[in-house]
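Q: Following this message is one structure expressed as structure tokens.
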Amino acid sequence: ANAPGEMAFSSDGGLIIYNAVTGEVLYSAAASESVSIVSDASAYYSADKFYAQGAEKISIQPQNGQVIDCGGTKYRGYILLEKEANGLMTVLNIVNTEDYVASVLGKEMSYSWPQEALKAQAVCARNFAICRGNSHKGYAFDVCSTTHCQVYAGIAGEHENTRKATEATKGVLATYEGKVVPLYFYATSGGKTEDVKNVWGSVHGYLNAVDDPYENPEKASKYKWSVTLTKSEIEQKLTKAGADIGSLKNITLDETTP
């Protein structure tokens with residue numbers, strides 16, 4: 001995530017902070033010692049501990065198998081800071097795929113749900129992450145931590161049930177015609193999934209519309225929904241989309257998908 005120019009880091013096992021480009025050790029922090037790292041347009045530095053003039057990237061590695069606290073949130077793996085020209089910094093959590101999946105599971109699905117459901121979601125999450133590498137071109141990360149990709153919250157997303165499901169499916173990927181493909185998931189289908197060609201315009205044999213007999217209309221909160229827009233809101237949305245029609249007179253529904 002893009003962050004302000006200052007953030008605190010600590011770990012119960014201590015930290016070693018490196019210049020990620022040169023490999024130089026900038027500082028070794030004792031167990032539970034908090035290190036506040038500041039970024040400006042010319043350097044990364046913590047005024048009372050170290051100074052790294054012109055360092056483009058800084059790696060913050062927890063020691064002794066511990067997790068790292070980044071601004072109050074705990075993560076597995078390690079943290080990489082990349083300096084931005086405006087003095088802000090991009091904060092990245094470099095984490096292995098299985099730890100990532102175990103966290104995503106707890107945020108995208110309830111950890112109390114059946115193991116078979118969690119295992120199926122684990123495969124979906126793993127496939128999605130691996131196929132999502134180009135979703136943020138121009139940035140240093142593969143996936144973001146929001147619903148734009150998948151919701152990820154580090155240790156807070158984990159539960160023994162999510163780790164169990166992840167371990168049970170470790171390395172398992174779904175393929176179509178011999179290729180690993182992105183798998184998409186949703187909270188509510190309305191009783192039937194949509195054909196991909198009606199959503200994104202592409203055609204994929206494994207993303208055809210199918211009935212969803214498992215969804216309960218009484219329990220699915222968005223099985224039926226509606227949205228209300230004013231005339232001016234519709235005009236503004238059309239203009240923003242490059243279809244400036246002036247004053248809207250009427251709307252006629254020409255067709256619907258099956």
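The values are calculated or read from the model by the stated rules, or taken from the named source; none is laboratory data. Note that the coordinates shown come from a computational prediction; the quantities given were computed from them, not determined experimentally. Heads up, the Cβs are rebuilt from the backbone with ideal geometry, glycines too, and the neighbour counts pull from every protein chain shown. These accessible areas exclude ligands, DNA and RNA; they are computed on the full protein's heavy atoms, side chains included. Shrake-Rupley method; radii C 1.70, N 1.55, O 1.52, S 1.80 Å.
Q: Here is a list of conditions, (1) in contact with a Ser or Thr (Cβ under 6 Å, 6 or more places away or on another chain); (2) under 22 Å from TYR100 (Cβ atoms); (3) not β-branched (Val, Ile, Thr), and GLY5 meets all of them except one; can you say which number that is?
A: (2)
Q: Follow-up question, since we're still on this one. Whether any residue in region 2-15 is at pLDDT 90 or above, loosely packed, with under 14 Cβ neighbours inside 10 Å and either in a strand (DSSP E or B) or of a type in the set (Lys, Arg) (or both) is what I want to check.
A: yes
Q: If you go through region 16-33, how many residues are part of a strand (DSSP E or B) and either free of Cβ contacts under 8 Å to residues at least 24 places away in the same chain or over 29 Å from the mean Cα position of the chain (by Cα) (or both)? Steps first, please.
A: In the first step, residues of region 16-33 are kept if they are part of a strand (DSSP E or B); the result is 16-19, 25-29.
Filter once more, so that each one left must be either free of Cβ contacts under 8 Å to residues at least 24 places away in the same chain or over 29 Å from the mean Cα position of the chain (by Cα) (or both): 25-29.
Count: 5.
Q: Only one of (1) buried (at least 18 other Cβ atoms within 10 Å of the Cβ); (2) not in a loop (DSSP other than H, G, I, E, B) fails for GLN150. Which number is that?
A: With respect to (1) buried (at least 18 other Cβ atoms within 10 Å of the Cβ); (2) not in a loop (DSSP other than H, G, I, E, B), GLN150 is out only on (2).
Q: Oh, and also: Starting from residues that are open to solvent by less than 40 Å² (accessible area, probe 1.4 Å) and either under 21 Å from GLU167 (Cα atoms) or not in a strand (DSSP E or B) (or both), keep the ones in region 68-92 and report whichever is modelled with the lowest pLDDT.
A: The extreme case among them is GLY87.
Q: Looking only at region 32-57, count every residue that is open to solvent by less than 50 Å² (accessible area, probe 1.4 Å) and within 25 Å of GLY13 (Cβ to Cβ) and tell me the total.
A: 11
Q: Within the set of pairs 6 or more residues apart or between chains, which connect a residue that is within 30 Å of LYS179 (Cα to Cα) and outside any loop (DSSP other than H, G, I, E, B) inside region 200-226 to a residue that is of a type outside the set (Asp, Glu) and open to solvent by 70 Å² or more (accessible area, probe 1.4 Å) with Cβ atoms less than 6 Å apart?
A: ASP211/LYS192
Q: May I ask you to verify whether VAL180 is surrounded by 13 or more Cβ atoms within 10 Å (Cβ to Cβ) and in contact (Cβ under 8 Å) with a residue 12 or more places away in the chain? Show your work before the answer.
A: Working: surrounded by 13 or more Cβ atoms within 10 Å (Cβ to Cβ): yes; in contact (Cβ under 8 Å) with a residue 12 or more places away in the chain: yes.
Spelling it out, VAL180 is indeed surrounded by 13 or more Cβ atoms within 10 Å (Cβ to Cβ) and in contact (Cβ under 8 Å) with a residue 12 or more places away in the chain.
Q: What are the residue pairs meeting all of these: first residue in region 69-85, first residue without any contact (Cβ under 8 Å) to a residue 24 or more places away in the chain, second residue assigned to a loop (DSSP other than H, G, I, E, B), Cβ atoms under 9 Å, and 6 or more apart or on different chains?
A: Here the result reads GLY77/VAL67; GLY77/VAL95; GLY77/ASN96; TYR78/VAL95, each pair linking region 69-85 to a residue that is assigned to a loop (DSSP other than H, G, I, E, B).
Q: What number of residues within region 104-143 satisfy the criterion of being touching a Gly at 6+ places or on another chain (Cβ under 7 Å), open to solvent by 60 Å² or more (accessible area, probe 1.4 Å) and part of a helix (DSSP H, G or I)?
A: 1
Q: Hey, another quick one. Could you tell me which residue of region 196-223 is modelled with the lowest pLDDT, considering only residues that are loosely packed, with under 10 Cβ neighbours inside 10 Å and more than 18 Å from THR256 (Cβ to Cβ)?
A: Looking at residues that are loosely packed, with under 10 Cβ neighbours inside 10 Å and more than 18 Å from THR256 (Cβ to Cβ), I get SER221.
Q: Out of GLY171, GLY191, I need the residue that is farther than 17 Å from ASP99 by Cα and surrounded by fewer than 17 Cβ atoms within 10 Å (Cβ to Cβ). Which one?
A: GLY191
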